[in-house]
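So the structure is just underneath, and the comments pick up after that.
The values are calculated or read from the model by the stated rules, or taken from the named source; none is laboratory data. Computed from a prediction, not measured in an experiment: that's the story for all the values here. Neighbour counts are summed over all protein chains in view; Cβ atoms, including those assigned to glycine, are modelled from backbone coordinates with ideal geometry. To get the accessible areas, we keep the full protein, side chains included, count just its heavy atoms, and leave off ligands, DNA and RNA. Shrake-Rupley method; radii C 1.70, N 1.55, O 1.52, S 1.80 Å.
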Amino acid sequence: MKHLRYFEALARIGHFGRAAESCAISQPALSVQIRELEELLGAPLVERGGRRIRLTSLGEEFVGRARAILHAVDELGDLGRAAHGPLAGRLRLGIIPTVAPYLLPSIIKSLAQLYPGLDPRPREAITRRLIEDLAEAKLDLAIVALPISEPTLEEVPLFDEEFVLVRPLEDAEKPVPASERLHEMRLLLLEEGHCFRDQALSVCNITAASTRDVMEGSSLSTLVQMVGAGIGVTLIPEMAIETETRSSSVGVSRLARPRPSRTIGMVWRKTNPLSAQFTRIADVVRNAGLSRQRQMDGAR
């Protein structure tokens, strides 16, 4: 089984040194393991030479089957965990960047109190990467904006939150513009790949093809700092207000009703034997989100 895991890592990363590092072994040891696997099969799996390895035609076919086997083995392990009481052991939790800084600390704290034997391993990434990692069994759960509409995944809505308009402080008392007019004020957006970017475009009735003049940032923090510098305006989710605006010269305004919002939810593979336990984990995340909303309401 270790031969399969090492080969899968090499095929995924494409570099002996980095693959060995990800497997916590030396590069020579990884090379030996791959050689042994090739000898067992009687044919090469990788083309060596150059800065990156390439899979042979056998390697391309073999890696797909290896991943299916590793996936099945991981689910057998989950089946054993499901049969032994409270959830314990490693929990690989994915979370999108527009949620992670604001909810992850309280989620981890709550999980530690409820499941002392649990070892959360959070990973922040954009939605597309999280869904790919779920499909490949590299993650157990993911916190994302719904819907995902992937038939192999279970979707559990947790809570809704509104988008708010962030403007330079000197504009804070001006009438709030209609959503579809925000692009006229130099709208700042996250880089491509972030689901929140697509949601903001939808709110402002902007097509992806017409975003050439839209300015971009790598994080909500960057966008808010750009607004504070007078470069434009942006939209952020409600949960980010306290963290991102407390040290910036910006004003925050609610948009006109019906106010734009998003649904935060949790997803996992439908085949995972830990589905019942994951439902309870979803309750923890829901409570963290609702608690933050109550804090925000109290601060207004």
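Structure data summary
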quantity: For the chain, alpha-carbon Rg relative to the globular expectation (2.2 N^0.38 Å, N residues); calculated: 1.19
quantity: Centre separation in Å (Cα based) which lies between segment 137-211 and segment 21-66; calculated: 42 Å
quantity: Order of exposure, largest accessible area first, which applies to Lys270, Lys138, Lys109 with probe 1.4 Å; calculated: Lys109, Lys270, Lys138
quantity: Calculated FRET value between Glu21 and Glu47, using beta carbons and R₀ = 22 Å, to 0.05; calculated: 0.55
quantity: Ellipticity estimate at 222 nm from DSSP helix runs (n ≥ 4, -39,500 (n - 2.57)) divided over the chain, nearest 500; calculated: -14000 deg cm²/dmol
quantity: Cα gyration tensor category, rounded, prolate or oblate, for segment 37-179 with a/c compared to 1.5; calculated: oblate
quantity: Ala29-Leu58 pseudo-label distance in nm [points 7 Å out on the Cα-to-Cβ vector]; calculated: 2.6 nm
quantity: Accessible heavy-atom area order of Ile241, Ile25, highest first, probe of 1.4 Å; calculated: Ile25, Ile241
quantity: Pairwise FRET efficiency - Ser149 versus Asp74, Cβ, R0 = 35 Å, nearest 0.05; calculated: 0.90
quantity: Segment 134-243 - share of DSSP beta bridges that are antiparallel (%, nearest 5); calculated: 45 percent
quantity: Antiparallel DSSP beta bridges within segment 1-153, as percent of all bridges there, nearest 5; calculated: 15 percent
quantity: Accessible area per residue in Å² at 1.4 Å probe, computed on segment 7-69; calculated: 59 Å²
quantity: Karplus-derived 3J(HN,Hα), 6.51/-1.76/1.60, for each residue of segment 64-69, Hz, glycine and proline x; calculated: x, 6, 4, 5, 5, 5
quantity: Signed unit charges on C-beta, dipole axis of the chain, positive-most listed residue Ile25, Leu274, Val203; calculated: Ile25
quantity: Length-normalised contact order for the chain - Cα pairs under 8 Å, 6+ apart - percent; calculated: 21 percent
quantity: Under 30 Å from the Cα of Lys138 - lysines, other chains or at least 8 residues apart; calculated: Lys2, Lys109, Lys270
quantity: Cα shape, segment 157-248, gyration tensor, a/c 1.5 rule; calculated: rounded
quantity: For Val250, distant residues with modelled amide H under 5 Å away; calculated: Leu169
quantity: Using alpha-carbon coordinates, inclination of helix 275-299 to the longest axis of the chain, degrees; calculated: 20 degrees
quantity: Segment 246-300 versus segment 230-245: alpha-carbon centroid distance in Å; calculated: 16 Å
quantity: Carbon/sulfur fraction of accessible area - the chain, other protein chains in place, 1.4 Å, %; calculated: 51 percent
quantity: Net charge dipole size for the chain [Lys, Arg +1 and Asp, Glu -1 on Cβ; Debye, nearest 20]; calculated: 380 debye
quantity: Using alpha-carbon coordinates, inclination of helix 100-114 to the longest axis of the chain, degrees; calculated: 60 degrees
quantity: With all protein chains modelled, accessible area of Ile69 [1.4 Å, Å²]; calculated: 80 Å²
quantity: Cα long-axis angle, helix 27-41 against the chain (0 to 90 degrees, to the nearest 10); calculated: 60 degrees
quantity: The chain - share of DSSP beta bridges that are antiparallel (%, nearest 5); calculated: 60 percent
quantity: Candidates per GluC sites (Glu not before Pro) in segment 177-270, loop by DSSP, up to 15 other Cβ within 10 Å; calculated: Glu191, Glu192
